[in-house]
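What follows is a set of notes on a single structure, which appears directly below.
What follows draws every value from the coordinates through simple rules; no lab data is involved. This is a predicted model, so every value here is computed, not measured. Cβ sites come from the backbone with ideal geometry, for glycine too, and all protein chains shown count toward neighbours.
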Amino acid sequence: MSQRPIYLDCHATTPMDERVLEAMMPYFTRYFGNPSSTAHIYGWESDAAVKKARKTLADAINCSPEAIVFTSGATEANNLAIKGIAEAYFNKGQHIITVQTEHRAVLEPCHYLETLGFEVTFLPVQKDGLVDLYELEKAIRPETILLSVMAANNEIGVIQPLAEIGQICHDHQVLFHSDAAQAIGKIPLDVQTMNLDVMSLTAHKVYGPKGIGALYVRCRNPRVRLAAQLHGGGQEKGVRSGTLYTPQIVGFAKAVELGLEEIESEGKRQSQLRNHLWHRLSQLDGIYLNGHPTKRLPGNLNISVEKVDGSALLLGLQSTVAVSSGSACSSMGTTPSHVLLALGYQDSLAYASLRFGLGRFTTTQDIEQVSGSTISTIKSLRQATI
């Protein structure tokens with residue numbers, strides 16, 4: 001059997017931790033009840049597991065358990081937050097602010113709302129990927145109802161100053177949403193100190209199962225109103241109908257619990273590996289680091305490479321390392337990364353980019369192999385174009 005390529009695409013998804021799978025297994029078979037079935041023990045068992053998981057997630061971000069709404073993932077959570085607030089606060093205003101480098105799951109709902117008459121301001125970013133707080137505050141108007149800024153970028157890993165942004169929103173009485181899909185379990189998140197009103201989460205970026213996420217919705221000071229986007233059985237207090245998927249919810253909570261237990265040690269370890277990979281690659285000429293050098297996720301390294309064809313670069317690395325050039329959601333497209341274009345790169349450099357996503361199971365040996373393979377591939381491609 002041929003050796004599989006080294007996996008360095010942890011921003012696309014992560015392998016499930018075996019400890020997460022172990023926690024989930026009983027709820028597929030023995031404890032299979034519907035959490036909404038309140039008349040017998042099968043439902044009680046599942047309901048108890050959901051309540052425990054809800055508390056674990058609430059504790060992780062410093063909120064009350066009733067503020068957690070389970071969804072199918074961060075995409076649904078983002079849509080529920082943005083469309084749900086737009087609909088609920090329509091009479092207050094129809095202006096929304098977001099950032100050009102957001103994930104498509106934020107940008108597309110905003111574009112959709114534009115077709116309904118909402119006005120959306122798409123803020124630019126600085127060359128390091130950080131939003132300019134002065135420009136952000138200046139964009140707020142009396143009719144602004146929502147500002148959405150992701151916690152950590154899924155391509156360049158840049159961590160935005162959520163606490164400062166949250167204070168601006170609080171001062172102007174504008175609701176603040178953050179897509180924290182890439183951040184949960186990797187950097188500290190506190191919805192109180194960050195003045196977050198709504199925040200999207202997902203499990204599969206933190207070694208949990210796919211198909212499960214959550215939306216934090218502030219319950220008080222202020223209580224955030226959301227218009228439901230799914231109607232049916234009235235689960236999740238009517239905000240998000242649908243039978244709760246108990247095994248996935250249990251796995252989500254376990255994944256976050258493990259992530260928080262190891263957040264400091266893993267953050268330090270991955271940063272060291274990431275920095276070593278960058279040190280090796282930056283010995284070549286014409287290699288550019290995308291995004292802020294330090295205000296980024298520990299496991300993220302995003303580079304652009306001069307004088308190579310982007311498709312040929314990915315193809316050349318395919319057998320040795322599983323890596324991408326940007327968001328997994330847009331990897332089938334032929335357009336350059338909208339994130340890198342927002343940083344001011346020309347199309348050629350935006351095309352010829354690599355996103356390395358290191359993770360919990362990445363080793364020093366992996367980094368040595370990947371750096372060597374990447375360097376030799378770049379040299380080979382450049383030699384072929386001379």
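Key figures for this structure:
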{"read-out": "Packing-based ranking, highest mean first, of 132-144, 194-206 given that Cβ atoms within 10 Å are counted", "value": "194-206, 132-144"}
{"read-out": "In degrees, nearest ten, helix 263-281 long axis to first principal axis of the chain (Cα)", "value": "30"}
{"read-out": "The range 270-326, Cα convex hull volume normalised per residue, Å³", "value": "93"}
{"read-out": "Relative contact order, percent, the range 19-261 [alpha-carbon distance under 8 Å, six or more residues apart]", "value": "27"}
{"read-out": "Net charge over other residues, Cβ less than 14 angstrom from the Cβ of residue 106 (K, R count +1; D, E count -1)", "value": "-4"}
{"read-out": "Folded to 0 to 90 degrees: helix 162-172 orientation relative to the chain principal axis, Cα", "value": "50"}
{"read-out": "Highest-MSF residue in the chain out of 301, 80, 260 [GNM, Cα springs under 10 Å]", "value": "260"}
{"read-out": "Distance between the range 223-295 and the range 92-164 - C-alpha centres, whole angstrom", "value": "19"}
{"read-out": "Local electrostatic count, residue 237, Cβ distance below 15 Å [Lys/Arg +1, Asp/Glu -1]", "value": "+4"}
{"read-out": "Coarse-grained scattering of the range 44-190 at q = 0.13, 0.17, 0.19 Å⁻¹, given as base-10 log I(q)/I(0) from a Debye sum over alpha-carbon atoms", "value": "-0.60, -1.00, -1.22"}
{"read-out": "Among 122, 356, 28, residue whose mean-square fluctuation peaks in a GNM of the chain (springs only between Cα atoms under 10 Å)", "value": "28"}
{"read-out": "Eligible lysines near residue 379 by straight Cα distance, threshold 22 Å, same-chain separation 8 or greater", "value": "307"}
{"read-out": "Dimensions in Å of the chain - Rg and Dmax from alpha carbons", "value": "21.4, 75"}
{"read-out": "Residue-count net charge about residue 124 - beta-carbon cut-off 14 Å; Lys, Arg +1, Asp, Glu -1", "value": "-2"}
{"read-out": "Aspartates and glutamates whose Cα lies under 13 Å from that of residue 295, excluding same-chain neighbours fewer than 8 positions away", "value": "128"}
{"read-out": "Nitroxide proxy distance, nm - points 7 Å out along Cα→Cβ at residue 382 and residue 64", "value": "5.9"}
{"read-out": "Lysine pairs meeting the criterion (Cα under 22 Å, 8 or more apart or interchain), as found in the range 19-261", "value": "22"}
{"read-out": "Antiparallel DSSP beta bridges within the range 141-291, percent to nearest 5", "value": "50"}
{"read-out": "Per-residue [θ]222 nm for the chain (sum of -39500 (n - 2.57) over DSSP H runs n ≥ 4, rounded to 500)", "value": "-12000 deg cm²/dmol"}
{"read-out": "With Cα atoms, 0 to 90° folded angle of helix 246-261 axis to the chain main axis", "value": "60"}
